[in-house]
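A.B. asks: Quick one: the structure is below, and I'll ask about it shortly.
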Amino acid sequence: MIFKIHPSNLVSALSIALELSTNGLSRHHWRTALIASRIARHIGLDEWQRQILVYAALLHDIGAVSSWTEKRKLNTFRVGEDVYHHAEAGYELLKDSQQFGMLAETVRHHHDNWDGSSPSGLAGDDIPITSRIINLADRLEVLLHDREDIFKQRPNVLSALRELSGHYFDPELVKALHEFARQESFWLDLVNPHYYQNFFRQIDSYGRMVFDIDDVVTIAEIFATIVDRTSSFTGTHSRGVAEVSAFLAKAKGYSQEEIKLVKIAGLFHDLGKLAIPNEILEKPGKLTDQELAIIRQHPYYTYRILEQIDGFSLVAEWAAFHHETIDGAGYPFRVPGTSLRLGSRIVSVADVFVALTENRPYRAALSLQETAKIMRGMVSNGKLDASVVADLFSDIDSARTLAEQISAKSCEAIAGGAG
Ligand SMILES: [Fe+2]
Ligand SMILES: [Fe+2]
Ligand SMILES: [Fe+2]
């Protein structure tokens, strides 16, 4: 099997992870990308820059999503408020990426003011054109309200943007927006959820016609980082689960490509945790029933995001079924054991192993003996797969090395305040 994924398919699906909240999806990134691409088309931006623009727009708030304080601020902030931290954090996440490095500068400056009053000190044409476009598109998107008729909102939104022209926004871009905003179809597209599939089909790709499996591994690592940063309890949890899953897949004789796919599933398994507020993830005491119900939704979102990626149906199952159990009493799909694939059983065993052997702020890592005892008990109770757990502990030296690596990394993460 030659594994190839179209960049726009992957990025448009993963950008949904940036939208997750307890109030449902807002499609902020999708709509910002659509507005940005219309502005770009109207001013005749070249094809290459248009593609950078759309991908950067789809990921522009990636630096905010680990923190709900930041995320909430972005729904309500007034222009000129200090919202630069997440732009810089987004730049840091993307800058060394072979796949997304070329989007980093655009993301870094996406709130820079035209008049040079932002911390970067850049002004006017020195701000990348792609950043200037996203800044304006982002503000238009934030000003829209879902429950109000879009044409009633149109005059107020346009006049609010015109007032900020020359201070915060590039006047030429505001002018361009006013020109094409006469088209009713633009506003109808914005509020039509069925239109977006067409929009994404029209995006070619920014020089990368396909992502191969190694590209997807490194992109998944970026998302693993933002998921693990949602809580100081989980410094490097996703990477640990990915490593242990790969080890277990190898023990089962998976091919090189399958091992990489299992690793990707491990990196993405908790992606849906971006839907859970930090206060709940970080709560030191006992969770209420309602908080527990919210936490238990996360594999649902992992699945609904990953299943949108062509060729990912197995990876989506392996990743998202990690809280399903052999006795069929797991959550949130309550998959019967007979339908639970080996890949899902592997990620689930890896998840428990890593959780027990990593340091948590409230307890040290458990010893290998204690971990083995708990996990064998979970096999007897119908929770974990017997043969996968047997593989894990059959080679005790490798299991010990894995546990030591996980515990060392989690120590570093806690000491370094990763969270
Ligand atoms: Fe932003
Ligand atoms: Fe934004
Ligand atoms: Fe989980």
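A.B. asks: Please report the accessible area of residue 366 (heavy atoms, 1.4 Å probe, ligands and nucleic acids excluded) in Å², nearest 10.
C.D. replies: Surface accessible to solvent at residue 366 totals approximately 40 Å².
A.B. asks: Compute the convex hull volume of the Cα atoms of the chain, divide it by the residue count, and report the result per residue in Å³ as a whole number.
C.D. replies: Cα-based convex hull of the chain, divided per residue, equals 142 Å³.
A.B. asks: Measure nothing but the geometry: give the 0 to 90° angle between the long axis through the Cα atoms of 396-415 and the longest principal axis through the Cα atoms of the chain, rounded to 10°.
C.D. replies: For 396-415 against the chain, the angle is about 40 degrees.
A.B. asks: What list of ³J(HN,Hα) values in whole Hz, one per residue of region 64-69 in order, does the Karplus curve 6.51 cos²θ - 1.76 cosθ + 1.60 (θ = phi - 60°) give from phi, with Gly and Pro shown as x?
C.D. replies: Calculated HN-Hα couplings, in order: 9, 6, 6, 10, 6, 5 Hz.
A.B. asks: Pairs of lysines 8 or more apart, or on different chains, with alpha carbons under 24 Å: count those in region 282-419, would you?
C.D. replies: Taking the Cα cut-off of 24 Å, the pair count is 4.
A.B. asks: Label region 83-155 by shape, choosing from rounded, prolate and oblate, from the square roots a ≥ b ≥ c of the eigenvalues of the Cα gyration tensor; if a/c is under 1.5 it is rounded, and otherwise prolate applies when a/b is larger than b/c, oblate when it is not.
C.D. replies: The shape class here is prolate.
A.B. asks: With angles folded into 0 to 90 degrees, how steeply does helix 342-357 sit against the dominant principal axis of the chain? Use alpha carbons for both and round to 10.
C.D. replies: Helix 342-357 and the main axis of the chain meet at about 80 degrees.
A.B. asks: For region 1-75, what relative contact order do you get, as a whole percent, if you take Cα pairs closer than 8 Å and at least 6 residues apart?
C.D. replies: With pairs under 8 Å counted, the relative contact order is 31 percent.
A.B. asks: What is the sum of charges around residue 33, taking Lys and Arg as +1, Asp and Glu as -1, for the other residues whose C-beta is under 13 Å from the C-beta of residue 33?
C.D. replies: Taking every Cβ under 13 Å from that of residue 33, the sum is 0.
A.B. asks: Does region 213-415 come out rounded, prolate or oblate, given a ≥ b ≥ c as the square roots of the eigenvalues of its C-alpha gyration tensor, rounded meaning a/c under 1.5 and, failing that, prolate meaning a/b above b/c?
C.D. replies: Rounded, since a/c falls under 1.5.
A.B. asks: Positive end of the charge dipole of region 213-415 (Lys, Arg +1 and Asp, Glu -1 on Cβ, about the Cα centre): tell me which of 272, 379, 244 has its Cα farthest that way.
C.D. replies: Checking the options against the dipole of region 213-415, the answer is 379.
A.B. asks: I need to check one value: relative contact order of region 7-202, counting alpha carbon pairs closer than 8 Å and at least 6 residues apart, in percent.
C.D. replies: Computed value for region 7-202: 21 percent relative contact order.
A.B. asks: For a test of the definition: using alpha carbon positions, the gyration tensor, and the 1.5 limit on a/c, classify region 7-202 as rounded, prolate or oblate.
C.D. replies: Judged from the Cα gyration tensor, region 7-202 comes out rounded (a/c under 1.5).
A.B. asks: What ranking do 192-205, 308-321 get when scored by the average of other Cβ atoms within 10 Å per residue, highest first?
C.D. replies: 308-321, 192-205
A.B. asks: Near the amide H of residue 169, under 5 Å away, which other amide H atoms are found, from residues 5 or more places off or on another chain, if H is placed in the peptide plane?
C.D. replies: Sorted by chain and number, the residues that satisfy this are 114.
A.B. asks: In the chain, carbon and sulfur make up what percent of the accessible area (probe 1.4 Å)?
C.D. replies: Whole-percent figure for carbon plus sulfur exposure: 50.
A.B. asks: Report the charge-dipole magnitude of the chain in Debye, nearest 20, computed about the Cα centre from +1 at each Lys and Arg Cβ and -1 at each Asp and Glu Cβ.
C.D. replies: 900
A.B. asks: As a check on your grasp of the helix formula, calculate [θ] at 222 nm for the chain: sum -39500 (n - 2.57) over DSSP H runs of n ≥ 4, divide by the residue count, round to the nearest 500.
C.D. replies: -18000 deg cm²/dmol
A.B. asks: Pull up all non-local amide H partners of residue 360: gap of 5 or more, or a different chain, and H-to-H distance under 5 Å with H placed in the peptide plane.
C.D. replies: Here the answer is 365, since their amide H atoms fall under 5 Å of that of residue 360.
A.B. asks: Find how many whole Å separate the alpha carbon centroid of region 7-58 from the alpha carbon centroid of region 186-261.
C.D. replies: The distance from the Cα centre of region 186-261 to that of region 7-58 comes to 17 Å.
A.B. asks: Which whole-number percent gives the relative contact order of the chain, counting Cα pairs below 8 Å spaced six or more residues apart?
C.D. replies: 16
A.B. asks: In sequence order, what are the phi-derived ³J(HN,Hα) couplings for region 317-331 according to the Karplus relation 6.51 cos²θ - 1.76 cosθ + 1.60 with θ = phi - 60°, rounded to whole Hz, with x for glycine and proline?
C.D. replies: Couplings: 5, 4, 6, 8, 9, 6, 10, 7, 10, 4, 7, x, 9, x, 9 Hz.
A.B. asks: Moving on to the next point. Can you work out the Karplus-derived ³J(HN,Hα) for every residue in region 107-120? Use 6.51 cos²θ - 1.76 cosθ + 1.60 with θ = phi - 60°, whole Hz, and x for glycine or proline.
C.D. replies: Karplus values, whole Hz, x for Gly and Pro: 5, 4, 9, 6, 10, 5, 7, 4, 7, x, 8, 8, x, 5.
A.B. asks: Run the dipole for region 293-419 about the Cα centre, Lys and Arg Cβ at +1, Asp and Glu Cβ at -1, nothing else charged, and hand back the magnitude in debye, nearest 20.
C.D. replies: 400
A.B. asks: Then there is this: Net charge near residue 299, counting Lys/Arg +1 and Asp/Glu -1 over other residues with Cβ under 14 Å of its Cβ?
C.D. replies: -1
A.B. asks: Right, next: Angle, helix 84-94 long axis vs. longest principal axis of the chain, Cα atoms, 0 to 90°, nearest 10?
C.D. replies: Compared with the principal axis, the helix lies near 60 degrees.
A.B. asks: Give me the 1.4 Å probe accessible area per residue for the chain, excluding ligands and nucleic acids, in Å².
C.D. replies: 43
The values are calculated or read from the model by the stated rules, or taken from the named source; none is laboratory data. Worth saying up front: this structure is predicted, and the values here are computed from it rather than measured. Reconstructed Cβ throughout: ideal geometry from the backbone, glycine too, with neighbour counts over all protein chains shown. The area values use the complete protein model at the heavy-atom level, side chains included, leaving out ligands, DNA and RNA. Shrake-Rupley method; radii C 1.70, N 1.55, O 1.52, S 1.80 Å.
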